[in-house]
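Notes follow once the structure below has been shown.
The values are calculated or read from the model by the stated rules, or taken from the named source; none is laboratory data. Computed from a predicted structure; not experimentally measured. Here the Cβ is made from the backbone with ideal geometry for all residues, glycine too, and neighbour counts use every protein chain on show. Note: accessible area is taken over every heavy atom of the protein model, side chains too, but ligands, DNA and RNA are not part of it. Shrake-Rupley method; radii C 1.70, N 1.55, O 1.52, S 1.80 Å.
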Amino acid sequence: MRDQRLWTWHIGAGAVILVLLGLHMTVMHLDAIVRVFNPAPGEPVDWANVVARGKSVFFLVTYVLLLGTALFHGFYGLRNILFELNPGAPAKKAMNGLFLVAGLVLFAIGTWAAWAGFTVARSA
Amino acid sequence: MIENKGRPNRLGVKGWLGGGRWGFERYLYALHRLTGLALLAYFVLHIGVTSSRAFGENAWTSAMGAVKGPLFSVGEFLVFAAFAFHAVNGIRLALVELGFAIGQPIEPVYPYRTSVDEQRPLAIGVMILAAILAIVGGIGFLK
Ligand code: HEM
Ligand code: HEM
Ligand code: HEM
């Protein structure tokens, strides 16, 4: 049961990522065609544009959301791939623990960075 | 994931790569797996690199300077293309796995028809969409 439920979340997370990462890719990579959330001239990754987005509560919230959903989706996907190789029960347990901790640590780092970036942009 | 009781993946890594008699969709599966892992690898590094914005302009500029050059440009395009493929193929998978676009169950009377033929148009349509997306995204890299 637990695996079916997590798998449903995996698909659901895919749908959320689709929207948020779709926006992220539009902002970062389709700027030659549709230029959104890039007020300053130059590259989307230029500091002035990073600060402009960083000031916004919308990006703060959606980045943390994308961070969480993509980490779960990615690490759960990796776990499933490795489980297909039929590791023993101890290896399965170790992987579950490892991916959970790795995901949480990366989520903590990313959330801290999003928040710190937000305060930096607000004071810039 | 359901425990694969009695039907282990005996071929190991090799079993992931071959399409066998499953054909087109089976290769899309291999590619979906490859792009999923590639996106995950990129994402983990990405969290590290973009965190530098927390330390202000100088930290950001030097972090961005470390990932400049033609090699990284090509890499970034590959990330975009992987995203385009994984996203549209992911939509296809979610549809098919929830039972859409595979046709109604039919009586198994000769000549037998396989539901693989029913889902083939979706697979092809989705790949055309992925190609268009990758090309559109590629325009920005040619500047
Ligand atoms: C190669 C294409 C990509 C580029 C150029 C890019 C660029 C950036 C930039 C400049 C930022 C800093 C925030 C901002 O300026 O708004 C950022 C943040 C972020 N990106 Fe990307 N990105 C790319 C691909 C991805 C992918 C594939 C994912 C998801 C798997 C992703 C997820 C995120 C997340 C979650 C953040 C916020 C991170 C945090 O707050 O710690 N990005 N990206
Ligand atoms: C763009 C939106 C995305 C959608 C719609 C999506 C959708 C999906 C779907 C439907 C699956 C297959 C689940 C199954 O058949 O059981 C999947 C697998 C996977 N995805 Fe995504 N995904 C997206 C983004 C991402 C990102 C950003 C990453 C990396 C962080 C990622 C990593 C993976 C991995 C590692 C797998 C497992 C592949 C396998 O089992 O062969 N996906 N995705
Ligand atoms: C409750 C009984 C049965 C169940 C739950 C069952 C289930 C399945 C499943 C899950 C597959 C795999 C489909 C695939 O992945 O290709 C399969 C394939 C197959 N089954 Fe059964 N089956 C049952 C009874 C039977 C019986 C009684 C026969 C033969 C008299 C049979 C003949 C076959 C054959 C020939 C295949 C291979 C089909 C192909 O080449 O695609 N099955 N079955």
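Data overview
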| item | result |
| --- | --- |
| Average partner coverage of A:21-33, which counts Cβ from other chains inside 10 Å | 4 |
| Selection of trypsin sites (Lys or Arg not before Pro), the range B:55-142, meeting DSSP coil and at most 10 other Cβ within 10 Å | B:Lys68 |
| Ranked order, A:Phe37, A:Phe75, A:Phe107, B:Phe80 - accessible area, probe 1.4 Å, largest first | A:Phe37, A:Phe107, A:Phe75, B:Phe80 |
| The range B:87-129 - Debye-derived log10 I(q)/I(0), Cα point model, q = 0.14, 0.18, 0.22, 0.24 Å⁻¹ | -0.36, -0.54, -0.73, -0.81 |
| Separation in nanometres of the label points that stand 7 Å from Cα toward Cβ, at B:Tyr112 and A:Ala91 | 3.5 |
| Largest to smallest accessible area among A:Tyr63, B:Tyr42, B:Tyr112, B:Tyr27 [probe 1.4 Å] | B:Tyr112, B:Tyr27, B:Tyr42, A:Tyr63 |
| Where Cα atoms sit under 30 Å apart: lysine pairs in the protein assembly as shown separated by 8 or more or lying on different chains | 8 |
| Principal axis dimensions, the range B:22-142 - Cα atoms, whole angstrom, descending | 70, 27, 18 |
| Whole-number percent relative contact order across chain A, with pairs defined as alpha carbons under 8 Å at least 6 apart | 30 |
| Nearest-10 value in Å² for the accessible area of A:Arg35, using the 1.4 Å probe | 100 |
| Charge dipole magnitude, Cβ of K and R +1, D and E -1 - chain A, Cα centre, debye nearest 20 | 360 |
| Stokes-Einstein D (µm²/s) once Rh is taken as the Kirkwood radius of chain A over alpha-carbon pairs, at 37 °C in 0.692 mPa s | 200 |
| Kyte-Doolittle at least -1.0, axis length at least 15 Å by Cα - qualifying DSSP helices, chain A | A:2-29, A:57-83, A:89-123 |
| Fraction of accessible area attributable to carbon and sulfur, the range B:22-142 (%, probe 1.4 Å) | 73 |
| Whether the protein assembly as shown is rounded, prolate or oblate, judged on the alpha carbon gyration tensor where a/c under 1.5 counts as rounded | prolate |
